[in-house]
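Below is one structure, written out as structure tokens, with a few remarks after it.
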Amino acid sequence: MTGESAVVQAFGLGKDYGKLRAVDAVDIEVGSGEFFGFLGPNGAGKTTMIHMLTTLVSPTRGRAEVAGHDVVAEPLAVRKNIGLVFQETTLDGELSAEENLQLAGKLYGLGRAELRERIEEVLALFELTDRRHDSVRTFSGGMRRQVDLARGILHRPTVLFLDEPTLGLDPVNRGRVWGFLERLASEEGMTLFLTTHYLEEAEPCDRVMIVDRGQAIARGTPDELKRDLGGRESIELVMSDPDPRLLAEVAQRTGAEPRRTATGVIVSVDSAEAVLPLLLPLIGERLESLSVRRPTLDDVFVAATTPGGATAGTGAPAGQ
Ligand SMILES: Nc1ncnc2c1ncn2[C@@H]1O[C@H](COP(=O)(O)OP(=O)(O)OP(=O)(O)O)[C@@H](O)[C@H]1O
Ligand SMILES: [Mg+2]
């Protein structure tokens, strides 16, 4: 990616709170139209990072540019180009969905006709048109999140920052929010920068970065991370009578130590496809069922953020 097309760039950006290094010195480059996921456990520094990039918190070290403007020197220019959806909803519960949008539109400085048109568009996009006059207090968590998102994109920002947009939502509503985000990226060409704990959901991201205790510990496409950090595939064999002699032979043929379960064994291998033809004749009729589990983004995340969990974690390419 070239620097010119970058919409979000951070160079050694960091923040200390007293002695605590909330964010150490992180480099980021997010291209125009990219869907970027910033992942990490509680306290990793995700919100602090988003707040520095959106001019709400001043960095202790390093610098950053958003939409071509320096976050410290030109905060107003940055703010004009961004939308922000906070970790906690910041809607006014007493106002209706539409009134919340009107208020935001005035703050953004949208003209009356433009605001009216844009409100219709975002209400339709987030399927809120029928509930527009109801006060937000009466909405479910999922619907409130939809209003938050609608408000975040009302002024057509170049880049939308979202801090855990699916926090507290059930799986159905999480899926809906992600569906909306994918549409924003594909149909409106918006650059999206979001944080999440829900790793499996980060699959649609073009690129992700995993942070832990303020440090970037892995980055790449979801597939690259799964390949580099998630490691091996697990084969679970449910069988009658897995005697020690059989287990020893399984270990020998797979080069891996099988783990006993209540009903059989699990072996971790590089490629289940390569190993199964060797294993199946060995077990023969004793095999009752078989399943193969491929590494998930959750495996990657746990491997990367658990001390000693993955040696590849620190070896992942630091560049973009
Ligand atoms: N205003 C503040 N004053 C002091 N410490 C802070 C402040 N804001 C954040 N921190 C500390 O900085 C660290 C990173 O916090 P941050 O909120 O950025 O993490 P996070 O990754 O967003 O976590 P979560 O997933 O729980 O939202 C934490 O140790 C937190 O206690
Ligand atoms: Mg946070």
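The values are calculated or read from the model by the stated rules, or taken from the named source; none is laboratory data. Treat the numbers as computed from the prediction; the structure is a model and nothing was measured. Backbone-built Cβ (ideal geometry, glycine too); neighbour counts: all protein chains shown. Heavy atoms of the whole protein, side chains included, go into the accessibility calculation; ligands, DNA and RNA do not. Shrake-Rupley method; radii C 1.70, N 1.55, O 1.52, S 1.80 Å.
Scanning the range 93-131 for residues that are more than 29 Å from the chain's Cα centre (by Cα) and assigned to a loop (DSSP other than H, G, I, E, B) yields 94, 95, 109, 110, 111. Cβ separations smaller than 8 Å between residues 6+ apart or across chains give the following pairs from the range 50-77 residues that are more than 18 Å from residue 24 (Cα to Cα) to residues that are hydroxyl-bearing (Ser, Thr, Tyr) and more than 16 Å from ligand 1 (Cβ to nearest atom): 67/158. For the range 132-164, a residue qualifies if it is assigned to a strand (DSSP E or B) and within 16 Å of ligand 2 (Cβ to nearest atom), and the qualifying residues are 161, 162, 163.
The set of residues in the range 221-272 that are of a type in the set (D, E, K, R) and in contact with a Pro (Cβ under 6 Å, 6 or more places away or on another chain) contains only 226. Return the total of residues in the range 164-223 being within 13 Å of the chain's Cα centre (by Cα), under 24 Å from residue 128 (Cβ atoms) and of a type in the set (Asp, Glu). Selection size over the range 164-223: 3. When we screen 94, 114 for residues that are surrounded by fewer than 16 Cβ atoms within 10 Å (Cβ to Cβ) and within 19 Å of residue 157 (Cβ to Cβ), the only hit is 114. Number of residues in the range 53-71 that are within 16 Å of ligand 2 (Cβ to nearest atom) and open to solvent by 20 Å² or more (accessible area, probe 1.4 Å): the value is 2. Here residue 179 fulfils each of the conditions (1) part of a loop (DSSP other than H, G, I, E, B); (2) closer than 29 Å to residue 117 by Cβ apart from (1). Filtered by the rule that a residue be outside any helix (DSSP H, G or I), within 14 Å of ligand 1 (Cβ to nearest atom) and either touching a Leu at 6+ places or on another chain (Cβ under 7 Å) or not β-branched (Val, Ile, Thr) (or both), the range 53-71 gives 54, 56, 58, 59.
Restricting 88, 34, 74 to those that are more than 9 Å from ligand 1 (Cβ to nearest atom), surrounded by 21 or more Cβ atoms within 10 Å (Cβ to Cβ) and not aliphatic (A, V, I, L, M) reduces the list to 34. Of all the listed residues (122, 147), the sole one being of a type outside the set (D, E, K, R), within 24 Å of residue 198 (Cα to Cα) and open to solvent by less than 30 Å² (accessible area, probe 1.4 Å) is 147.
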